[in-house]
Amino acid sequence: YLLDKSEKYDPRDVERLQQDDKWVDSYLIWRHDVVDDTLKMIDESFQWRKEYTVNDLSESILPKWLFESGVLFLHGYDKEGYKLFWFRVKHHTKDPKQQLDKKKLVAFWLEHYAKRDHGKPLTVIFDMAETGISHIDLDFVRFIVSCFTDYYPNFLTKIVIFEMPWIMNAAFKIVKGWLGPEAISMLKFTNKSDVQEYINGEYLPPHMGGTDSFKYSYPPLVDDDFQTPLCENGPITSEDEHESKEEIDMDNKEAGELNEEQNLNQKKVNFIEQIPKSEETDKTEIKPKNAKKALTTFKGPLLHISPAEELYFGSKETGEKKCLIVLTNVTKNIVAFKVRTTAPEKYRVKPSNSSCEPGTSLDIIVSLHGGFAASLQDRFLIMAAEMDQSSGAGVTELTQFWKEVPRTKVMEHRLRCHVVESSKPSSLTLKENALNIPVKTNEDLHIQLTHLLQINKRLQEQIDRCLWFQQLSVGLLLLSVTVVAFCFYLA
């Protein structure tokens, strides 16, 4: 093949095939270890990869409107832990002039994910809610299907088709003809009542019966595209290093001042209960700005994480630049963790890749670089997984561990950013006095409001169900009366 068609392949693909055994394996597995069929597939996929310049596709090359349309994106996971590749059919319009760009968008997302997660399989969702004949584009559907059957080996777990209109049944009979017997078995036709057999409600939007509040917007890429911060423990510029030293000195200075203030308060304020010695010792330790205990805690199977949902940063006026995340290991083993963010250029996370001993707590400091402000669109992802007692916890061991650990064994928890206008947000900000008495603040009200909204939503759903059953009952009653009346008339 190389002698006959070397000019039709991208040399980078050929080099990778010669060095990456896992890639070769994926082709062989997809073609059932039949070497001739495998070679034909490699030949076809390599020619396709060069034709679509897959190795060079990037956000800057593709038109911006493609990303803004929200037709295709990656977000969430199915019940088996596989990433979801969404095709929102109602946002797609058939236009021959745009077809090539749209196909390149498919290739961009598949290649983007394949490089990021080392070829872990995907679950494709055709969300066909609110679609009709105007959205039917068999050529584009065929292209998406062929990407998985011919160009990306062993990359497909299943195709979930949600609420396919009856008018499109004939079209999908044609689609089935393009699939082999194995691929046909991967088709899952679902509706609102049974889609959660494959995907949990936390990753389904409300129109599919789920609770996922995610709404696609661009830029940036979807919020699941977390990245490890670039300047955490590794090399940083001299300017950042100088800034870090100043921050540490300032932290220590403020911590010392707070300790003196605490001693004065203990003498002067007689209505504060006496603090136990163990707790007093903890509070007088020199921690950056003596963050107080979080009001909310997420209780995961491996780690308890405080705060539970949001990191509170100050606005430009208030100037709060740091927050604290507290991780508590609730297992009997060492737990490795990583912290990722959607905006690595804005935040420094220390530490962002480390481990936590059994039964201990660890503080993670999240700080904004100078000149940057927190945004409501910024997200943080905390990933955690148990390590064997025999495993080391050094940088090399952790790097190898994250390469090998199965996704099903990884706990994930997301945190949002919240910008507080008040100078005294009741959260884990690092400027608060550890002896402050908790009062009703923005965060308390926000939590209560969120709780009330959730209750209201559940009540609304129950009312909707009751109304639906009522309408159904009335319809059946009218039908019964009509049938009885007709029978009497015949009699």
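The values are calculated or read from the model by the stated rules, or taken from the named source; none is laboratory data. In this text, all values refer to a predicted model and were calculated from it rather than measured experimentally. Ideal geometry is used to build each Cβ from the backbone, glycine not excepted, and the neighbour counts take in all protein chains shown. Just so you know, the surface numbers come from the protein's heavy atoms only, side chains and all, with ligands and any DNA or RNA stripped out. Shrake-Rupley method; radii C 1.70, N 1.55, O 1.52, S 1.80 Å.
Below are the figures for this structure:
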| quantity | calculated |
| --- | --- |
| Distance violations [Cα-Cα > 32 Å] among LYS120/LYS299; LYS188/LYS338; LYS90/LYS322; LYS104/LYS321 | LYS188/LYS338; LYS90/LYS322; LYS104/LYS321 |
| Whole-number D in µm² s⁻¹ for the range 57-208, Kirkwood Cα-pair radius fed into Stokes-Einstein, 25 °C, 0.890 mPa s | 154 µm²/s |
| Accessible area of the range 1-143 belonging to carbon and sulfur atoms, whole % at 1.4 Å probe | 52 percent |
| Average accessible area per residue (Å²) across the range 57-208 - probe 1.4 Å, nucleic acids and ligands excluded | 43 Å² |
| Reference-scaled alpha-carbon Rg (2.2 N^0.38 Å with N residues) for the range 11-54 | 1.12 |
| Theoretical FRET efficiency, 1/(1+(r/R0)^6), r = Cβ-Cβ of ASN456 and ASP139, R0 45 Å, to 0.05 | 0.50 |
| Packing rank of 148-156, 74-82, where each peptide gets the mean count of other beta carbons within 10 Å, highest leading | 148-156, 74-82 |
| Accessible surface, per residue, of the range 11-54 when the full set of protein chains is kept, probe 1.4 Å, Å² | 62 Å² |
| Cα convex hull of the range 298-419 - mean projected area over all directions, nm² | 7.4 nm² |
| Fraction of accessible area attributable to carbon and sulfur, the range 298-419 (%, probe 1.4 Å) | 51 percent |
| Burial ranking of peptide ranges 33-39, 186-192 (average Cβ count within 10 Å, highest at the top) | 186-192, 33-39 |
